[in-house]
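> Quick one: this structure, given as structure tokens, is what I'll be asking you about.
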Amino acid sequence: MIFIQIGQCGIQCGQEIIQKIYKNNKSSDSIKELLIDTESKVLNEYRYSIENKNSSYRKYFQIGKDGSGNNWAFGYYRIDRELINSVMDSFSNVIESIDLHKGLNIVHSIAGGTGSGLFSRIIEELKNRYPKTCISTYSIFPFESGENALQNYNSVLSLSWLQKYSDNIYCFSNKEILDILNKTKNSINYSINDINNFISNCASSLHPYGNKIQYINTWDIIYNICPIPSMKILKVFSESTLENLINLLPNNFNNSRLINIRKTKYDST
């Protein structure tokens with residue numbers, strides 16, 4: 001299983017997702033990781049963290065020193081060919097080290113300069129060099145306003161690259177997640193950590209629980225859920241989240257059939 005984490009948001013969410021996968025699966029199987037950012041703060045936080053020692057292969061790339069200024073163009077154009085080749089070489093080494101390559105996972109935010117611009121450059125290079133690789137992205141969408149002045153431009157540009165180069169997009173909207181937390185927890189005091197925890201719970205649920213990490217064949221998801229190339233934005237919810245959402249349905253909504261279908265499904269498994 002390969003995870004590329006780009007930008008501060010991508011690295012923080014990606015690390016939580018991976019830790020949840022390890023926690024849910026009592027196994028020594030390792031996830032291959034590439035962590036990429038344009039400044040050293042977040043990279044150093046995880047490089048020297050004692051809690052993040054599960055991965056047998058983790059490569060860090062610091063591209064630049066001063067960040068991307070929340071600007072898509074900075075993230076996309078400032079990376080030179082030598083650094084791109086270094087990232088691609090590391091990805092090649094990862095693929096060569098595993099027996100069966102079933103797809104690539106990229107975690108990023110579409111609002112920041114690194115998560116949008118640098119991500120766009122990297123996914124373009126990956127698809128051009130490895131056209132048959134199935135690329136899944138865990139894309140965090142920003143609030144409608146307030147995160148940074150250029151977030152709307154960054155989002156439009158990175159969505160264009162997502163549509164062109166990714167095979168399926170797992171969408172996580174900060175606004176939608178906050179609304180769900182407000183309704184299910186009856187509180188208004190939430191932090192970014194709470195949103196990241198929600199995302200990691202939902203994303204890690206794609207990987208079945210057990211004594212060994214199960215490698216989901218991403219192509220199966222595409223064939224069954226989003227076979228039309230232009231319609232590939234998916235939303236993922238964990239089991240507990242779905243139950244909470246069912247409880248939030250209006251009183252006059254007949255949800256007994258939905259619950260019975262779900263009960264039958266899980267009883268049969």
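> Hey, can you rank 225-236, 77-88, 101-112, 196-207 by average C-beta count inside 10 Å, highest first? Numbers along the way, then the final one.
Details: 225-236: 12.4, 77-88: 14.4, 101-112: 25.3, 196-207: 21.1.
The most tightly packed comes first, giving 101-112, 196-207, 77-88, 225-236.
> Given 10 °C and 1.306 mPa s, how large is the Stokes-Einstein diffusion coefficient of the range 71-156 in µm²/s, with Rh as the Kirkwood radius over Cα pairs?
Numbers: Rh = 13.9 Å.
Rounded, D is 114 µm²/s.
> Can you tell me the mean projection area, over all orientations, of the convex hull of the range 128-194's alpha carbons? Units nm², please. The partial results should precede the final answer.
Numbers: hull surface 23.6 nm².
Mean orientational projected area (the range 128-194, Cα hull): 5.9 nm².
> Run through all the Cα pairs of the range 2-237 and give the fraction in each 10 Å bin from 0, expressed as whole percent.
7, 33, 40, 18, 2, 0
> Turning to a different aspect of this structure: Show me 153-159, 69-75 ranked by packing, highest mean number of other Cβ atoms within 10 Å first.
Going by the mean number of other Cβ atoms within 10 Å, highest first, we get 69-75, 153-159.
> Label-point separation (nm) for ASN182 and LEU234, each offset 7 Å from Cα along Cα-to-Cβ?
In this crude label model, ASN182 to LEU234 measures out at 2.9 nm.
> Using 0.36 nm per residue, how much length does the chain from ILE98 to GLU124 gain when fully extended, once their Cα-Cα distance is taken away?
Numbers: separation 26, 0.36 × 26 = 9.36 nm, distance 2.29 nm.
7.1 nm is the gain from fully extending ILE98 to GLU124.
> Output the pairs from LYS41/LYS235; LYS20/LYS59; LYS23/LYS59; LYS164/LYS235; LYS132/LYS232; LYS20/LYS232 with a Cα-Cα distance over 28 Å in this structure; if there are none, say none. Please report the intermediate quantities before stating the final value.
Working: LYS41/LYS235 31 Å; LYS20/LYS59 20 Å; LYS23/LYS59 22 Å; LYS164/LYS235 19 Å; LYS132/LYS232 17 Å; LYS20/LYS232 25 Å.
Over 28 Å Cα-Cα: LYS41/LYS235.
> Still on this structure, please answer the following. Give me the dipole magnitude in Debye, nearest 20, for the range 106-156 about the Cα centre, with unit charges on the beta carbon: positive for Lys and Arg, negative for Asp and Glu. Write down the numbers at each step before the final one.
On the way: 4 positive and 4 negative charges, 66 e Å.
In debye, rounded to 20, the range 106-156 gives about 320.
Only the coordinates and a few stated rules stand behind these numbers; no lab work does. The structure presented is a predicted model; accordingly, all values stated were derived computationally and were not measured. Note that we place each Cβ from the backbone using ideal geometry, even for glycine, and neighbour counts take in every protein chain shown.
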